[in-house]
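Everything on this sheet refers to the single structure shown next.
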């Protein structure tokens with residue numbers, strides 16, 4: 001890395017004719033000094049005049065080099081060298097100027113290409129990308145495009161400039177993974193998306209057991225290439241900790257995340273369980289399993305069994321790794337689903353203290369506060385989550401929901417419009433995301449575009465009824481379609497999927513809260529979760 005930077009610096013010196021100027025100046029200065037030494041005594045000039053010429057020659061040398069660097073001699077005369085394509089981005093002074101002007105402040109991690117002979121290794125190449133994305137998310141100096149947005153370009157032959165524009169980033173990390181037996185070859189390159197220049201690239205041929213060290217090295221190289229200044233705590237945060245020594249367990253963990261990211265929570269759960277079977281001390285696998293149970297409780301299967309398993313798995317993760325932010329976040333999620341909001345608050349605060357850039361900690365905090373009726377704290381937590389992931393639809397939409405529940409009509413409508421903008425950009429890349437589509441529906445109805453909102457609601461329901469049924473029900477009750485809204489809510493409740501504390505606080509249902517049928521639905525929820 002250092003050698004390549006020195007080489008590029010030397011090439012830039014040559015391009016700007018700095019070396020040529022240095023040589024010509026040195027020769028000319030030597031001739032002038034020699035002439036002065038011979039002639040000045042004959043002209044009866046004082047002895048110090050020769051020393052003055054020598055001093056002026058020395059002083060002029062760095063000035064000549066600076067002018068050579070900054071100016072270019074052309075047929076049209078002398079001009080400032082402004083060829084941005086050929087500037088050296090890694091010079092500290094130059095990088096500092098770029099950073100102050102809002103230069104390299106955002107990044108997208110594209111899914112690494114699977115070059116293995118086995119196409120089933122797709123989960124491994126995706127896992128490498130996701131791990132690096134998670135590491136970079138820990139740096140407040142960088143805005144990192146969400147995994148869902150960047151992975152929408154998977155398998156596509158894309159123009160980096162267009163990708164950067166769609167994702168709103170300055171820099172793109174891309175690469176490939178080739179796995180063969182117990183060896184892995186990882187290639188990575190960092191690209192300035194606006195000029196298509198390579199800021200850094202490297203190939204790693206390692207044993208599979210060294211993959212954590214490779215992730216750590218790539219993250220550090222990115223930080224160095226972007227000339228980011230990190231505190232000691234931030235430097236520690238991007239060091240990938242090998243939380244298991246069993247590479248087969250890590251393999252199953254990556255498979256679990258692969259399935260969960262694609263909405264297949266049951267398969268993800270199975271993979272996390274297999275990872276735990278191989279390494280019972282694998283805290284991240286326990287946290288992943290806990291999140292699967294909590295996710296079911298939130299969206300479609302809030303049974304007493306799932307609540308209990310979420311509690312047990314998250315507690316085990318925390319016991320194994322009390323200093324792991326993800327373990328505290330997972331524990332807060334499970335406690336919130338079990339209605340233990342005071343305990344959940346302590347856990348998500350602990351997670352934030354350990355990792356102030358952990359999106360999930362703020363998101364779970366927002367949901368827990370909302371379920372308690374603490375709408376101001378909920379809105380603030382969702383805002384902090386949105387700051388970490390500006391392209392995240394869920395956090396933006398829930399800010400609007402919280403403001404509505406606070407009775408802040410003007411602020412609610414403003415938040416709805418912002419949420420719609422975020423969601424529409426997201427849906428251009430992910431048109432089949434049912435949850436995002438259903439959130440647009442509610443926001444459109446929130447600003448008075450009821451008919452259009454119901455169109456979005458029906459589209460969401462046709463894509464994935466199980467996971468967006470509650471949001472669609474909310475859209476209908478907000479639109480005044482009470483019968484359809486209660487039908488959907490009851491259907492959701494009988495599946496054990498209604499989060500009672502949330503519904504009790506959600507102002508979307510204020511218009512029907514006193515109706516006997518609504519009260520009966522809440523009783524169904526209680527029976528399912530007891």
For residue 228 and residue 502 in the same chain, what is the full-extension length gain: residue separation times 0.36 nm, less their Cα-Cα distance, in nm?
94.5 nm
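How would you rank 298, 160, going from fewest to most other Cβ atoms within 10 Å of each one's own Cβ?
Going from least to most buried by this count: 160, 298.
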For the pair residue 194/residue 346, report the inter-label distance in nm, with labels modelled 7 Å from Cα in the Cβ direction.
4.9
Computed FRET efficiency, Cβ-Cβ of residue 410 and residue 510, R0 30 Å: what is it to the nearest 0.05?
0.95
I need the calculated FRET efficiency for the pair residue 449 and residue 208, taking r as the beta carbon distance and R₀ as 56 Å, to the nearest 0.05.
0.60
Roughly how far apart, in whole Å, are the Cα centres of the range 196-270 and the range 412-456?
33
What is the gain in length, in nm to one decimal, between residue 517 and residue 304 on full extension, counting 0.36 nm per residue of separation less the C-alpha to C-alpha distance?
74.3 nm
What is the order of 383, 367, 517, fewest Cβ neighbours within 10 Å to most?
517, 383, 367
Could you work out how much longer the chain between residue 323 and residue 247 gets when fully extended? Use 0.36 nm per residue separation minus the Cα distance between them, nm to one decimal.
25.1 nm
For the chain, the fraction of alpha-carbon pairs in successive 10 Å shells from zero, as %
4, 15, 24, 21, 14, 8, 6, 4, 3, 1, 0, 0
Among DSSP beta bridges lying fully in the chain, give the percent that are antiparallel, nearest 5.
75
With label points built 7 Å along Cα→Cβ from the Cα atoms of residue 30 and residue 262, find their separation and express it in nm.
6.9
The simple spin-label model distance between residue 182 and residue 118, using points 7 Å out along Cα→Cβ, in nm, is 1.5
Sum of -39500 (n - 2.57) over DSSP H runs of 4+, divided by residues of the chain (222 nm, nearest 500)
-21000 deg cm²/dmol
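Just so you know, all these numbers are worked out from the coordinates, no wet-lab data involved. Here the structure is a predicted model, which is why all the values come from computation and not from measurement. Don't worry about glycine lacking a Cβ; one is built from the backbone with ideal geometry, like all the others, and counts go over all protein chains shown.
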